Amino acid sequence: MPVKAIFEGRNYSLELKEEALSFFLANQLSFDVELKFPLDIYRDYNEGDFDLFFLHKKNVKENEVRQVCLSKTNRRVGWAIPVLSLVSDLHDYSDNEHFLKYAYIALKLSISKLNEDIFSKTLELPIDYVQLSDIFHDDTVLLVISKETIGENKIFEFEKVTSSLVKHGYVQLTSRTPDDACAISSDEVLNGKINLREASGDIKKISLISQLLNREIAFENNNLLRFFYVYQIVEVLIEEVYLDQQDSLVKAIVVDCGDVNKTKMHLENLNKMMSERTRIKKLINDYTRLGGKLNEIRSACNELLSKLNKDEAEEFHKYFYDIRNFIFHQYRNFPQQLTAELGRVVDEFLIVLPDFLECYTSSRRQGE
């Protein structure tokens, strides 16, 4: 569905028309609407060589243009471009040739790929001209990805990098207005670059994690409910751990079916996996090996535990799970004056989540 417009009570669709130095939104009426684009036009690239993903970031500024890199290769694969940076030439990137080439692609693809699943405004005709900010919400950000730099026969899997985008405050744009979104405490961007960590292919329910981040956490302001949602992500991961362990142990039982002692040991180990705390410990120690990267979230959790008059701990499966137990079993008794501390726990979890998802390795590959 192209740009929406209304004229004399009737709905119309507008499509992009390009001339030498100008852009217009064409319609079935006798007049076109000029689409003002204040930047220099670089037609070096073909839009067919790029993918575009619609994002939003709370109160994004026109100067927050970001190069986007994949962390494993440290190679730039695209740009994250606020719509506001496409309606102004007063920001730091307005004369950057590399940005301008992507800006042209962002303009064209934002119109051609616009559909009813993407939040946009309805133009009221007649009007002489518009800017992209008249079509899109001011918080809209256009993620433009180069298919060539991603690599031949590779696909940019948006769901696998969602956690990295959310870590920096970027959320998938849907039909829901960004006005409803809550500001996410985003991690610092260094040198104007967003480094995307890709979730491991061993995680089978990455789409569910992506939905929790983009559709629930991004729009939830209550820190108690935000914790419920992030713990659902932990539950998804430890379910993966359980199923993986179950598969390995069942295979071991088949191999050792003639040995009573070994079979008994395998069954005992499988029974231990029923404990959530045990699975969380396994997730950290064996499946992600992130023990050394959890200092900030450990600090946030122990600060909260101390104020709740609970014992502090050194290991994730203890301090994080103890908070889970308190909230799940004493939800109504959680002190309102400590919701900010709980919010810090959630924020620190979202910062380290891309590491969880990238480092996750199934048992069959842990020896590789």
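The values are calculated or read from the model by the stated rules, or taken from the named source; none is laboratory data. Since the structure is predicted, the reported quantities are computational estimates derived from the model, not experimental observations. Cβ atoms come from the backbone with ideal geometry, glycine included; neighbour counts cover every protein chain shown. Surface areas here come from the heavy atoms of the whole protein model, side chains and all, with no ligands, DNA or RNA. Shrake-Rupley method; radii C 1.70, N 1.55, O 1.52, S 1.80 Å.
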**Complete:** The condition from (1) at pLDDT below 95; (2) of a type in the set (Phe, Trp, Tyr); (3) within 19 Å of Thr149 (Cα to Cα) that Phe37 misses is numbered (3)
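Residues checked against (1) free of Cβ contacts under 8 Å to residues at least 60 places away in the same chain; (2) more than 16 Å from Leu39 (Cα to Cα); (3) open to solvent by 40 Å² or more (accessible area, probe 1.4 Å):
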residue: Phe99; (1), (2), (3): yes, no, no
residue: Ala103; (1), (2), (3): no, no, no
residue: Leu123; (1), (2), (3): no, yes, no
residue: Asp128; (1), (2), (3): no, yes, yes
residue: Ser133; (1), (2), (3): yes, no, no
**Message:** Can you tell me how many residues within segment 38-53 are farther than 13 Å from Ser110 by Cα and open to solvent by less than 40 Å² (accessible area, probe 1.4 Å)?
**Reply:** 1
**Complete:** Flagged pairs (Cβ under 9 angstrom, 6 or more apart or on separate chains; first in segment 51-69, without any contact (Cβ under 8 Å) to a residue 40 or more places away in the chain; second open to solvent by 10 Å² or more (accessible area, probe 1.4 Å) and among the hydroxyl-bearing types (Ser, Thr, Tyr)) are Glu62/Ser88; Asn63/Tyr93
**Asked** Out of segment 339-368, which residues are surrounded by 15 or more Cβ atoms within 10 Å (Cβ to Cβ) and either of a type in the set (Lys, Arg) or more than 26 Å from the chain's Cα centre (by Cα) (or both)?
**Response** Arg344, Ser363
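Condition check ((1) of a type in the set (Ser, Thr, Tyr); (2) under 28 Å from Leu338 (Cβ atoms); (3) modelled with pLDDT under 90) across all residues:
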position: Leu267; (1), (2), (3): no, no, yes
position: Ile280; (1), (2), (3): no, yes, no
position: Asp286; (1), (2), (3): no, no, no
position: Gly291; (1), (2), (3): no, yes, yes
**Prompt:** Between a first residue in segment 217-238 that is within 13 Å of Ala183 (Cα to Cα) and a second residue that is basic (Lys, Arg), which pairs have beta carbons less than 7 Å apart while being 6 or more apart in sequence or on different chains?
**Reply:** Ile217/Arg226; Glu220/Arg226
**Prompt:** For segment 28-84, how many residues are of a type in the set (A, V, I, L, M, F, W, C), assigned to a loop (DSSP other than H, G, I, E, B) and within 24 Å of the chain's Cα centre (by Cα)?
**Reply:** 2
**Item:** Pair list, Cβ < 6 Å and 6+ apart or interchain, from segment 163-185 residues that are at positive phi to residues that are among the small types (Gly, Ala, Ser) and surrounded by fewer than 21 Cβ atoms within 10 Å (Cβ to Cβ)
**Value:** Gly169/Ser186
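Does segment 79-88 include one or more residues that are more than 24 Å from Gly169 (Cα to Cα) and open to solvent by 20 Å² or more (accessible area, probe 1.4 Å)? If you could, list the steps in order and put the result at the bottom.
Residues of segment 79-88 that are more than 24 Å from Gly169 (Cα to Cα), as a first pass: none.
No, there is no match, as no residue in segment 79-88 is more than 24 Å from Gly169 (Cα to Cα) and open to solvent by 20 Å² or more (accessible area, probe 1.4 Å).
Within segment 130-180, which helices (runs of 4 or more DSSP H) (wholly inside it) include 1 or more residues that are modelled with pLDDT of 95 or more?
132-135, 158-167
Among the listed residues Lys205, Lys154, Lys147, Lys193, identify the single one that is open to solvent by 20 Å² or more (accessible area, probe 1.4 Å) and closer than 16 Å to Phe356 by Cβ.
Lys205 is the lone residue from the list that is open to solvent by 20 Å² or more (accessible area, probe 1.4 Å) and closer than 16 Å to Phe356 by Cβ.
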**Message:** Need the failing condition index for Ile203 against (1) among the hydrophobic types (A, V, I, L, M, F, W, C); (2) touching a Phe, Trp or Tyr at 6+ places or on another chain (Cβ under 6 Å); (3) assigned to a loop (DSSP other than H, G, I, E, B); (4) within 22 Å of Asn63 (Cβ to Cβ), just the number.
**Reply:** (4)
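Of the residues in segment 86-123, how many are within 18 Å of Asp51 (Cβ to Cβ) and not in a loop (DSSP other than H, G, I, E, B)?
Start the filter on segment 86-123 by keeping residues that are within 18 Å of Asp51 (Cβ to Cβ), which leaves 86, 98-99, 101-115, 117-118.
Applying the additional criterion that residues be not in a loop (DSSP other than H, G, I, E, B) yields 86, 98-99, 101-112.
Residues in segment 86-123 being within 18 Å of Asp51 (Cβ to Cβ) and not in a loop (DSSP other than H, G, I, E, B): 15 in total.
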